[in-house]
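Since the structure comes first, as C-alpha cells, the remarks are kept for the end.
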Amino acid sequence: MQEMPETLLCDIRNFAKHWENWISSSLENLPGGLIDNKVSFARQFSQALKRQTSFLHLAQTARPVLYDAQLVNQMIADVDCIEINNIGSGALINNQEGEQEMELNAEFLGEFKELLRKESTVEAFTEWLDAIVEQKIIKPSKQNGRSFKKRAQDFLLKWSFFGARVMHNLTLNNAQSFGSFHLIRMLLDEYVLLAVESQLHSEKEQEVQNNIEKHMKTDETGIRSNLSSAPSTCFVANRQSATTMPGGSSRNKSLQMVKREDYFDSQINGGFSGSSIDRDVFPGMINHIGHLSAMTHVMYTTQHLY
C-alpha cells in the first residue's frame with residue numbers, strides 16, 4: 001500500500017462517480033439486454049473503486065495515529081478496561097450461542113490488542129482481517145456448501161454489532177482515546193467490506209465466465225476461445241500470509257508481521273511527487289479496468305450467439 005496524494009484520490013472518486021453515466025450514454029440505441037448487463041458491471045466496478053479509494057483515504061489518515069506511541073499506549077489501556085461480558089448480545093440468543101459469541105468477541109479483542117502492543121502497521125491489520133475473512137467466511141462456505149453470500153451477511157452482522165458494542169463500552173468508560181478508536185474502527189470496517197465485496201465479485205465473475213464457455217463455439221481446430229482469467233481481487237494485503245501454521249491459528253502469522261514502514265522518511269524524501277505514481281500504486285484499479293473490459297466483451301459475444 002503506497003501513499004497516494006489526495007488530489008489523485010479525488011480524481012479517482014470523481015471518475016467512479018461518473019463512470020456509470022458515461023457507460024450508459026455510450027450504449028444508446030444498443031439492445032436492451034446488452035445495455036443492462038454492461039451497466040450492471042459498470043456499477044459494480046464503480047462501487048469497488050469508491051470502496052478502495054475510501055479505504056486508502058482512511059489508511060493514510062490512520063497511519064499517524066498508529067505511529068504515535070502515546071496514543072497507542074492509551075488505546076491499549078482503554079481496551080484493558082473493556083468488560084467482555086458487556087459487549088455480547090445477551091438475551092437475544094441462547095446460552096450456547098452466547099458462549100460462542102463471547103469467545104469470538106474475546107478472540108477479536110485479544111488479537112486487536114496484541115497488534116496494538118506490537119506497534120503494528122496498517123498492513124498488519126489488513127492481513128489480520130484477511131485471515132479472519134478466510135477463516136470465518138470463505139473456508140466454512142466451501143466446507144459445508146452454504147452460500148458465501150449468506151455466511152458473509154451473518155459475519156458482517158456480528159462484526160458490526162461487535163464494533164458498535166466496543167464503542168458503546170468506550171463511551172461509558174469516558175475513554176481518552178475514543179477518537180482514535182473511532183478512526184481505526186472505520187478503517188477496519190471499510191476493509192472488511194472491501195474484502196467481502198471483492199470475493200462476491202470474483203465469484204460472480206467466475207460464474208459468468210463458466211456459463212459463457214459452455215456456449216462458445218469452437219474454432220477451426222476444435223478449440224474454444226479461452227475466456228478464463230485469474231480471479232480479480234480488491235485485497236490490499238497479501239492473502240498468502242493467511243495460510244494455517246502447524247499447531248496454531250492462521251492469524252498467528254499476521255500478528256507477527258508488525259514491522260513499521262519508513263513512513264515519515266517517505267514524506268520527507270519526496271512524498272507525493274507525481275513522478276513516483278505508477279501502476280503499482282493502485283493495483284486493484286488496473287485489475288478492475290481489465291476485468292470490466294473482458295466482461296463487457298463477454299456480454300457482447302453472448303448477444304451474438306443467439
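Mind counting the residues in the range 130-166 that are in contact (Cβ under 8 Å) with a residue 12 or more places away in the chain and open to solvent by 50 Å² or more (accessible area, probe 1.4 Å)?
So the count comes out to 7.
Give me the pairs, please: first residue somewhere in the range 30-43 and more than 19 Å from His18 (Cβ to Cβ), second residue anywhere and open to solvent by less than 60 Å² (accessible area, probe 1.4 Å), beta-carbon distance under 7 Å, and either six or more positions apart or on two chains.
From the range 30-43, the pairs are Leu34/Met299; Asn37/Met299.
On the given criteria, is Ile184 assigned to a helix (DSSP H, G or I), farther than 25 Å from Ala69 by Cα, in contact (Cβ under 8 Å) with a residue 40 or more places away in the chain and among the hydrophobic types (A, V, I, L, M, F, W, C)?
So Ile184 fails the test.
For the range 1-57, name all the residues that are over 21 Å from Glu190 (Cα atoms), in a loop (DSSP other than H, G, I, E, B) and charged (D, E, K, R).
Once the filter is applied, which keeps residues that are over 21 Å from Glu190 (Cα atoms), in a loop (DSSP other than H, G, I, E, B) and charged (D, E, K, R), the range 1-57 yields only Glu28.
The values are calculated or read from the model by the stated rules, or taken from the named source; none is laboratory data. In this text the structure is predicted, and so the values were computed from the model without any measurement. Note that we place each Cβ from the backbone using ideal geometry, even for glycine, and neighbour counts take in every protein chain shown. What goes into the accessible areas is simple: the full protein's heavy atoms, side chains included, and nothing from ligands, DNA or RNA. Shrake-Rupley method; radii C 1.70, N 1.55, O 1.52, S 1.80 Å.
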